[in-house]
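Here's the structure we're looking at; comments come further down.
The values are calculated or read from the model by the stated rules, or taken from the named source; none is laboratory data. These figures come from a predicted structure and were not determined experimentally. Cβ placement follows ideal geometry from the backbone for every residue including glycine, while neighbour counts extend to all protein chains displayed. These area figures cover heavy atoms from the full protein model, side chains too; ligands, DNA and RNA do not enter into them. Shrake-Rupley method; radii C 1.70, N 1.55, O 1.52, S 1.80 Å.
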Amino acid sequence: MEKHKATDKRSDAVEQEIDSNLKRAFETLASEPIPDRFANLLDQLKAKGVDQEKKSGNNAGDINE
């Protein structure tokens, strides 16, 4: 049974290392500015939602931010 405990400890260490690396990669990516093409697309979608809301007269076109 000692092998199993050692394997579990190694697995936990590997999982912690993977988690740490993923968090670091995500934080780096999340801190980068949104590319202009995506920002423009978001602006277009918001404008379209406002246009649809005005036409329908309700808040169905709201985009949650």
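Here are the numbers:
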| quantity | calculated |
| --- | --- |
| Residues (open to solvent by less than 70 Å² (accessible area, probe 1.4 Å) and in a helix (DSSP H, G or I)) located in the range 9-49 | 11, 13, 20, 21, 25, 30, 39, 47, 49 |
| Cross-chain or 6+ apart pairs with Cβ under 6 Å, the range 30-55 first and at pLDDT below 95, then of a type outside the set (Ser, Thr, Tyr) | 46/63; 49/61; 49/63; 52/61; 53/61 |
| The one condition in (1) loosely packed, with under 10 Cβ neighbours inside 10 Å; (2) at pLDDT 80 or above that residue 64 fails to fulfil | (2) |
